[in-house]
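Structure record follows, encoded as structure tokens.
The values are calculated or read from the model by the stated rules, or taken from the named source; none is laboratory data. As the structure is a prediction and not an experimental result, all values here were calculated from the model. Reconstructed Cβ throughout: ideal geometry from the backbone, glycine too, with neighbour counts over all protein chains shown. Ligands, DNA and RNA are excluded from the accessible area calculation, which covers all protein heavy atoms including side chains. Shrake-Rupley method; radii C 1.70, N 1.55, O 1.52, S 1.80 Å.
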Amino acid sequence: MSDHAYVPEIATTRDGVEHEVQGWQGDFYGGKLGFWLFMLTEVLMFGAMFMVLTYYFTLHSQDFLDASASLNRVLGGFNTVVLLVSALTMGLGLLKMRSGDIKGAKLMIWATIILAFVFLGVKAIEWTAEYQHGVFLGLDALQSGNDHSKPFGQILFFGMYFTMTGLHGFHIIIGIGLMVWLLKRINANKVTPEHHILHWNIALYWDLVHLIWVFVFPYFYMIGADVGGYHMPDFGSIFAGGHSNGH
């Protein structure tokens, strides 16, 4: 048996009889179909959010443009490139797995994990800067009826911004967990070039994650690109403590 031979999973009945588990690893097309159905639910969820965002944009266009102009397009753009490169490394990893290059596939998975952590780190810096400028869920600027409240349209915009980027970030964390699990399955010889549906589905999931961001970035960061008044946040004071009520 080779180092990366497929090791079937064995189950034991109540009578102590062992038998090979006939699961999704041996049903490539069924496994793909099931995962595509799962991804459809993800598209429906984010699609509904984009519809809500579009509806309120028609009602509060100027507020949305002003709020968008205050976001950091440099960090948002950098994260976009990071995710696009991570989609490349994930795809290369799958190709290497299918061609029998197990070591190369694992290397590409690790590269994707590192890029995912880079994305989360940049987003954490961005959110911290926004908190220090008083714009975050629960702070006065995003609460109606006080002296520091932003216009209602901007409150809606930032509410959707933090909700959707936060949910997307949660999907990034799930993706990291899935890739770590995939590496463990590869090391246990349960994912091989002949039985790689798990790798295929996780690559599809990661494609969905980066595809969603491809729509999130222009919708939130770029619609206000032509609005004056954009300024780079002062990142030197991010971790100095305290926050202001202006953005």
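The set of residues in the stretch 139-186 being assigned to a loop (DSSP other than H, G, I, E, B) and of a type in the set (A, V, I, L, M) consists of LEU139 alone. Flag set for LEU142, criterion: at pLDDT below 90 and farther than 30 Å from TRP200 by Cα. Of the residues making up the stretch 13-23, not a single one is open to solvent by less than 70 Å² (accessible area, probe 1.4 Å), out of contact with any Lys or Arg (no Cβ under 7 Å at 6 or more places or on another chain) and at pLDDT 90 or above. Confirm whether GLY47 is among the small types (Gly, Ala, Ser), open to solvent by 20 Å² or more (accessible area, probe 1.4 Å) and assigned to a helix (DSSP H, G or I). Judged against the criteria, GLY47 is a match. A search for C-beta distances below 7 Å between a residue of the stretch 104-124 that is among the aromatic types (Phe, Trp, Tyr) and any residue that is buried (at least 16 other Cβ atoms within 10 Å of the Cβ), counting only pairs 6+ apart in sequence or on different chains, returns PHE119/ASN79; PHE119/VAL82; PHE119/LEU83; PHE119/ILE172.
Of all residues in the stretch 180-201, those satisfying the criterion of being modelled with pLDDT under 95, among the aliphatic types (A, V, I, L, M) and open to solvent by 10 Å² or more (accessible area, probe 1.4 Å) are ALA188, LEU198.
Step by step: first the residues of the stretch 139-148, then only those that are small (Gly, Ala, Ser) and open to solvent by 40 Å² or more (accessible area, probe 1.4 Å), then the one that is nearest to PHE64 (Cα to Cα). Which residue is that? If we take residues in the stretch 139-148 being small (Gly, Ala, Ser) and open to solvent by 40 Å² or more (accessible area, probe 1.4 Å), then SER144 is nearest to PHE64 (Cα to Cα).
For a quick check of your reading of the model, give me the residue pairs whose first member lies in the stretch 166-178 and is closer than 16 Å to PHE35 by Cβ and open to solvent by 10 Å² or more (accessible area, probe 1.4 Å), whose second is of a type in the set (Phe, Trp, Tyr) and assigned to a helix (DSSP H, G or I), with beta-carbon atoms closer than 7 Å and at least 6 apart or on different chains. Sorted first by the residue in the stretch 166-178, then by its partner, the pairs are LEU178/TYR205.
With respect to PHE35, is the statement that it is in a helix (DSSP H, G or I), at pLDDT 90 or above, on the phi < 0 side of the Ramachandran plot and surrounded by 13 or more Cβ atoms within 10 Å (Cβ to Cβ) true?
Values: in a helix (DSSP H, G or I): yes; at pLDDT 90 or above: no; on the phi < 0 side of the Ramachandran plot: yes; surrounded by 13 or more Cβ atoms within 10 Å (Cβ to Cβ): yes.
So PHE35 does not fit the description; no.
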